[in-house]
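Chemist: Okay, here's the structure, questions in a sec.
The values are calculated or read from the model by the stated rules, or taken from the named source; none is laboratory data. Here the structure is a predicted model, which means the values were calculated and not measured. Don't worry about glycine lacking a Cβ; one is built from the backbone with ideal geometry, like all the others, and counts go over all protein chains shown.
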Amino acid sequence: MGSMSQPAPQPAKPTERMEKIVSLCKRRGFIFQSSEIYGGINGFWDYGPLGAELKRNVKDLWWKSMTKLRDDVVGLDASIIMHPSIWKASGHCDTFADPMVDCLLTKKRFRADQIEPQSGIAYFYTGAKDEATGKENNEPFSALLAPGKPAESARKVATQFYTQRGLENPTLLGERTEKVENSTQYNPENGALLTEPRMFNLMFKSHAGPVESEENAVYLRPETAQAIFVQFKNVLETSRQKVPFGIAQIGKAFRNEINPRNYTFRSREFEQMELEFFIKPDEVVEKQCGTVATLPENGAPADPPQANWGWEVWHGYWVEQRMRWYESIGLGRETLEQYWQKKDELAHYARATVDILYKFPFGTQELEGIAARGNFDLTQHQTHSGKSMEYFDQEASAKYIPHVIEPSAGVDRLLLALLCNAYAEEEVTDEKGKTEMRTVMRFHPRVAPIKVGVFPLLRNKPALVEKALQVRDLLRPHMNVFYDDGGAIGRRYRRQDEAGTPFGVTIDFDTIGENGPELQETVTLRHRDSMQQERVKIADLLSILLPQVQ
Ligand code: GAP
């Protein structure tokens, strides 16, 4: 028994779809604006009850696939604030920066490489004078006049600029005009001149200890990876691992992004799930095995890993492993794309980088980067710390600094992808022929925040309630259960559809034996996506549900 469903016309415009997702996230307690009662804070987000469960599931599944189900990866949980020399060695102090420009009028800051080129007539001034007081300002300024606008609007911007500089009633001096094509020197919002680009470091800075001096400056980590490199030797010595092996870590990272945007996609505080997988340099593999394997045509090397794999095959292996993991949590290959960075786009240390992209409503954007980083990081830390990062490989009788393959994923971006992927609207018709719209979050049962809703048909029948509580207690030690006895059963189903709960169990009069002994101790099991209901024995519930939610 079940009602009919057909997909409703999905919101046509991507922005409309995104707005609906954002609104559901707030309404159902997936994501809240951080510090909302104080007006919020740009680039920071909080996860509500459902969001916190979703996030935990995603992190647990990553951890399980990376560490528990493998012999060759171990975990690490490092501090967020580390010795500042780490960020000098890694290059973050010098190069982790974006070019920034400021509007000379409003002080608004933009990323120089994100300014849209504009054309028009630029109005230049050598300065301005206040005739009444005789006060003069000789700072040059210019404003861009967009095509079709009156010259007065450029003069108005310039007048505002000199007023801000302390002239009460400025008369503009030395006006001249010039045609400008595709310029990025002007604020696209008001035409005012921008400052020259200045590099702005994205690391959040603080001070360790009571004195706010440069000597005590510390940084909130902008990536979790560096802690793995600096603990490489300790982990190696305590874990009895041999190269090739990996170290995995999940944790917060902080970047003072200039333009946080697209909801949680680019935030200032976020979480990363990173693996640094240490491998032998190709020359050591060649010495040991005679040859170094090449990547098969389809780019996906066979499992399990082989001794003759060089960096290229290991890199291809991790790209494929990560794609399979995304599939296992409901992001099918058709929702993802791979972007192989071109030679001139690669970071200076990277030999190859593949980005796994998800087709978000606001564009196809990066979820994870998988980089072949050579031995850059360990070598840098060896140089800067003076401590050896060399590994003695007994099998190969060789000493070397291991190379590394790094799959690096963002938890928050993945959550956003899962939310976007799950969101659906459809028209449903019940048994009485009544049609209504239902919003349903089609999460894969593995990531779904709540796995099963348990519903007594009526809350005022003690026998139904007692049985329903027994079913709840049977399932609860194994999965996240939501017990709901409020309102009509149809409304309870809809509430769980919106939360993305894949299963619903209803305890009715058959369950308590009122319609004969055959159906006693059975319940209806409702499936979220098809809305089909089947009659199952309470005793079978765990064995039906567990394999689907784990
Ligand atoms: N250790 C390598 C590294 O950090 P990255 O490409 O800068 O590489 C890796 O970051 C992942 O972290 C990205 O693919 C993305 O999922 C996530 N990420 C980076 N910056 C982010 C931000 N501002 N907000 C949310 N997630 C971010």
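Chemist: Checking the condition touching a Leu at 6+ places or on another chain (Cβ under 7 Å) and either over 19 Å from Phe278 (Cα atoms) or within 13 Å of the ligand (Cβ to nearest atom) (or both), which residue from Thr335, Thr429, Thr364 passes?
Modeler: Numbers: Thr335 fails: touching a Leu at 6+ places or on another chain (Cβ under 7 Å); Thr429 fails: touching a Leu at 6+ places or on another chain (Cβ under 7 Å).
Selected residue: Thr364, the only one of Thr335, Thr429, Thr364 that is touching a Leu at 6+ places or on another chain (Cβ under 7 Å) and either over 19 Å from Phe278 (Cα atoms) or within 13 Å of the ligand (Cβ to nearest atom) (or both).
Chemist: Being more than 22 Å from the chain's Cα centre (by Cα) and either within 10 Å of the ligand (Cβ to nearest atom) or not basic (Lys, Arg) (or both) is the filter here, so list the residues in region 258-282 that pass it.
Modeler: Phe278, Ile279, Pro281, Asp282
Chemist: (1) in a strand (DSSP E or B); (2) within 16 Å of the ligand (Cβ to nearest atom); (3) among the small types (Gly, Ala, Ser): which one isn't true of Ala417, the others all being true?
Modeler: Looking at each condition in turn, Ala417 falls short on (1).
Chemist: Go through region 391-414 and report how many residues are aliphatic (A, V, I, L, M), within 16 Å of the ligand (Cβ to nearest atom) and either surrounded by fewer than 20 Cβ atoms within 10 Å (Cβ to Cβ) or closer than 30 Å to Thr379 by Cβ (or both).
Modeler: As a first pass, look at region 391-414 and keep what is aliphatic (A, V, I, L, M): 396, 398, 401, 404-405, 409, 411, 414.
In the following step, the residues that additionally are within 16 Å of the ligand (Cβ to nearest atom) were identified as 404-405, 409, 411, 414.
Filter once more, so that each one left must be either surrounded by fewer than 20 Cβ atoms within 10 Å (Cβ to Cβ) or closer than 30 Å to Thr379 by Cβ (or both): 404-405, 409, 411.
Here the count works out to 4.
Chemist: Residue by residue through region 248-271, note down the ones that are of a type in the set (Asp, Glu) and closer than 23 Å to Trp62 by Cα. Quick ask: steps written out before the conclusion?
Modeler: The first filter runs over region 248-271 and keeps only residues of a type in the set (Asp, Glu), leaving 257, 269, 271.
Hits for region 248-271 are Glu269, Glu271.
Chemist: Restricting attention to region 267-282, and to residues there that are part of a loop (DSSP other than H, G, I, E, B) and in contact with an Asp or Glu (Cβ under 7 Å, 6 or more places away or on another chain), which single residue is surrounded by the most Cβ atoms within 10 Å (Cβ to Cβ)?
Modeler: Of region 267-282, the ones part of a loop (DSSP other than H, G, I, E, B) are 267-268, 280-281.
Keeping just the survivors that are in contact with an Asp or Glu (Cβ under 7 Å, 6 or more places away or on another chain) gives 267-268, 280.
Details: Ser267: 24, Arg268: 20, Lys280: 27.
That would be Lys280.
Chemist: Among (1) surrounded by fewer than 16 Cβ atoms within 10 Å (Cβ to Cβ); (2) farther than 22 Å from Leu144 by Cα, there is one condition Asp113 misses while meeting the rest; what is its number?
Modeler: (2)
Chemist: What number of residues within region 200-257 are more than 13 Å from the ligand (Cβ to nearest atom), of a type in the set (Phe, Trp, Tyr) and not in a strand (DSSP E or B)?
Modeler: Counting residues in region 200-257 that are more than 13 Å from the ligand (Cβ to nearest atom), of a type in the set (Phe, Trp, Tyr) and not in a strand (DSSP E or B) gives 1.
Chemist: Give the residues of region 263-311 that are of a type in the set (Gly, Ala, Ser) and either more than 19 Å from Arg322 (Cα to Cα) or touching a residue at least 60 places away in the same chain (Cβ under 8 Å) (or both), sorted by residue number.
Modeler: Step one: list which residues in region 263-311 are of a type in the set (Gly, Ala, Ser), which gives 267, 290, 293, 299-300, 302, 307, 310.
Ser267, Gly290, Ala293, Ala307, listed by residue number.
Chemist: Looking at region 417-463, which of its residues are more than 27 Å from Gln365 (Cβ to Cβ) and under 22 Å from the mean Cα position of the chain (by Cα)? Explain how you work it out, then say what you get.
Modeler: We begin by selecting, within region 417-463, every residue more than 27 Å from Gln365 (Cβ to Cβ); these are 427-438, 450-463.
Ile450, the sole residue that qualifies.
Chemist: Do we find a residue being of a type outside the set (Phe, Trp, Tyr), loosely packed, with under 15 Cβ neighbours inside 10 Å and on the phi < 0 side of the Ramachandran plot anywhere in region 310-317?
Modeler: Scanning region 310-317, I find no residue that is of a type outside the set (Phe, Trp, Tyr), loosely packed, with under 15 Cβ neighbours inside 10 Å and on the phi < 0 side of the Ramachandran plot, so the answer is no.
Chemist: Is it fair to say Val58 is within 26 Å of Ala448 (Cβ to Cβ), surrounded by 15 or more Cβ atoms within 10 Å (Cβ to Cβ) and among the aliphatic types (A, V, I, L, M)? Even if it seems obvious, please write down each step before you answer.
Modeler: Numbers: within 26 Å of Ala448 (Cβ to Cβ): yes; surrounded by 15 or more Cβ atoms within 10 Å (Cβ to Cβ): yes; among the aliphatic types (A, V, I, L, M): yes.
Considered against the rule, which asks whether it is within 26 Å of Ala448 (Cβ to Cβ), surrounded by 15 or more Cβ atoms within 10 Å (Cβ to Cβ) and among the aliphatic types (A, V, I, L, M), Val58 comes out as yes.
Chemist: Additional query: Go through region 293-309 residue by residue and tally those that are in a loop (DSSP other than H, G, I, E, B) and crowded, with 20+ Cβ neighbours inside 10 Å. Step through it out loud before you land on a result.
Modeler: Initial filter on region 293-309 (in a loop (DSSP other than H, G, I, E, B)): 294-308.
Filter again for crowded, with 20+ Cβ neighbours inside 10 Å, leaving 301.
Matching residues across region 293-309 total 1.
For (1) in a helix (DSSP H, G or I); (2) over 30 Å from Tyr219 (Cβ atoms), each residue gets a yes or a no:
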| position | (1), (2) |
| --- | --- |
| Lys88 | yes, no |
| Val101 | no, no |
| Ala132 | no, yes |
| Val157 | yes, yes |
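Chemist: Would you mention how many residues in region 33-73 are more than 16 Å from Lys252 (Cα to Cα) and aromatic (Phe, Trp, Tyr)? Spell out how you get there, then give the answer.
Modeler: Let us first name the residues in region 33-73 that are more than 16 Å from Lys252 (Cα to Cα), namely 33, 35-42, 48-51, 53-54, 57, 61, 64-73.
Next cut, aromatic (Phe, Trp, Tyr) only: 38.
So the count comes out to 1.
Chemist: Within region 1-48, count every residue that is β-branched (Val, Ile, Thr), in contact with a Ser or Thr (Cβ under 8 Å, 6 or more places away or on another chain) and at pLDDT below 95. Walk me through it before giving the result.
Modeler: Going through region 1-48, the residues β-branched (Val, Ile, Thr) turn out to be 15, 21-22, 31, 37, 41.
Checking the rest, the ones that are also in contact with a Ser or Thr (Cβ under 8 Å, 6 or more places away or on another chain) come to 31, 41.
Remaining after also requiring at pLDDT below 95: none.
Number satisfying all stated conditions: 0.
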